[in-house]
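Student: Please see the structure below; I have some questions.
The values are calculated or read from the model by the stated rules, or taken from the named source; none is laboratory data. Just so it is clear, the model here is predicted, and its values are computed rather than measured. Here Cβ is always computed from backbone atoms with ideal geometry, including for glycine, and neighbour counts include all displayed protein chains. Heads up: the accessible areas ignore ligands, DNA and RNA and are worked out on the full protein's heavy atoms, side chains in. Shrake-Rupley method; radii C 1.70, N 1.55, O 1.52, S 1.80 Å.
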Amino acid sequence: MQLPKDATGHSPLASVSIILPVHNAEQWLDECLASVLQQDFEGTMELSVFNDASKDKSRTIIEKWKVKLEDSGISVVIGGHDSPSPRGVGYSKNQAIAQSTGSYLCFLDSDDVMMPQRVRLQHEAAVQHPTSIIGCQVRRDPPDSTERYTRWINQLTSDQLLTQVFTSHGPTVIMPTWFCSRAWFSHVGPFDEGGRGVPEDLLFFYEHLRKGGGVFRVDHKLLLYRYHLYATTHSVLEMTIWIHRVHFLEERVLPRWKSFTIWNAGKQGRRLYRSLTAASRRKVVAFCDVDENKIRKGVYCHEDSQERPKPKVPILHFQAAKSPFVICVKLAIVSIPATHHPAPALGPG
């Protein structure tokens, strides 16, 4: 059944717009779009698709599903371009949002699948948290892929959704699960349109936090989150993510401290020290560790520094070190004594 038209001949504004960028997604689109049709949300819903120069059968599949979805009362808006090269995920999301009408935005990747209750439950949460990004738990496909990452996605506490924003995993609620109000998105956005290799979701997430946005997760597995070699995330270099994380740490945390200790005298801790600005490096009073071999060295010398004399930083046993700390260790194995007050971890996750 088609949606009723208003006096101007247009469909009324939707409550929720599902934002779907597509690029060469023919092998996943049928299952993805079927999951849109299966939503149990009782409000008005719209699918906004932007086809980013797909060269496969994606457009044909989208057109087929447009008929099925609109027959079920879900309006469908299709945009796109046929340039020789795609313009990237950030551009595609911005275009899909611009052509949509919903008061709320539900983000979906073309290789993922929504559970039937996703829109309903996240919409309920978004109404209660109008300046938050709403996420959800996920099921990973294949089930045994990225086990540590999946556990991290699903098990962060409500406090950790804010305290672990500096980890290597990126946003504490992952992009394919995002749901937020259009008004808040417009206040924060748009996405960076730098194209391939740009972590547009992380950059948006940091700007969201700068503007006082919250983070909330619906604790149900509402998305099947696929892992495969063609995923866009693989185009973003680890070094790019690292640089953004360190800059955000220097912006948000380090200005509040006169001095701090880096927890880890090994590779990751030294890497953090070398990545800091000169002003931030001067605040580092020590490294600390549990490894006796590292502690016996007594000092770390920054050989690449242009300063004379070259900076030397003591290496201490963690029990002799003073807070605050920046922790550069894997979160799955770190244990912090209750008497210490660490900063959010910056380790490999």
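Student: Open to solvent by 10 Å² or more (accessible area, probe 1.4 Å), of a type in the set (Gly, Ala, Ser) and touching a His at 6+ places or on another chain (Cβ under 9 Å): does that describe Gly43? Even if it seems obvious, please write down each step before you answer.
Tutor: On the way: open to solvent by 10 Å² or more (accessible area, probe 1.4 Å): yes; of a type in the set (Gly, Ala, Ser): yes; touching a His at 6+ places or on another chain (Cβ under 9 Å): yes.
The answer is yes for Gly43.
Student: Go through (1) at pLDDT 95 or above; (2) more than 30 Å from Leu202 (Cα to Cα) one by one and return the number of the condition Lys258 breaks.
Tutor: Tallying (1) at pLDDT 95 or above; (2) more than 30 Å from Leu202 (Cα to Cα), Lys258 fails exactly one: (2).
A quick yes/no check of all residues on (1) more than 29 Å from the chain's Cα centre (by Cα); (2) at pLDDT 90 or above; (3) not β-branched (Val, Ile, Thr):
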{"residue": "Tyr273", "(1), (2), (3)": "no, yes, yes"}
{"residue": "Asp304", "(1), (2), (3)": "yes, no, yes"}
{"residue": "Pro311", "(1), (2), (3)": "yes, no, yes"}
{"residue": "His317", "(1), (2), (3)": "yes, yes, yes"}
{"residue": "Ile336", "(1), (2), (3)": "no, no, no"}
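Student: Among the residues of the stretch 17-40 satisfying the criterion of being charged (D, E, K, R) and outside any loop (DSSP other than H, G, I, E, B), which is surrounded by the most Cβ atoms within 10 Å (Cβ to Cβ)?
Tutor: Looking at the filtered set, the residue picked out is Glu26.
Student: Next up: Restricting to the stretch 45-61, name every residue that is within 28 Å of the chain's Cα centre (by Cα) and either outside any helix (DSSP H, G or I) or under 14 Å from Ile18 (Cα atoms) (or both).
Tutor: The answer is Met45, Glu46, Leu47, Ser48, Val49, Phe50, Asn51, Asp52, Ala53, Ser54, Lys55, Asp56.
Student: Return the residue satisfying two criteria in turn: it lies in the stretch 244-291 and is polar (S, T, N, Q) and either on the phi > 0 side of the Ramachandran plot or in contact with an Asp or Glu (Cβ under 8 Å, 6 or more places away or on another chain) (or both), and of such residues it is surrounded by the most Cβ atoms within 10 Å (Cβ to Cβ).
Tutor: Looking only at the stretch 244-291, we keep the residues that are polar (S, T, N, Q), and these are 259, 261, 264, 268, 275, 277, 280.
From the residues that got through so far, the ones that are either on the phi > 0 side of the Ramachandran plot or in contact with an Asp or Glu (Cβ under 8 Å, 6 or more places away or on another chain) (or both) too are 264, 277, 280.
Working: Asn264: 28, Thr277: 12, Ser280: 19.
The residue in question is Asn264.
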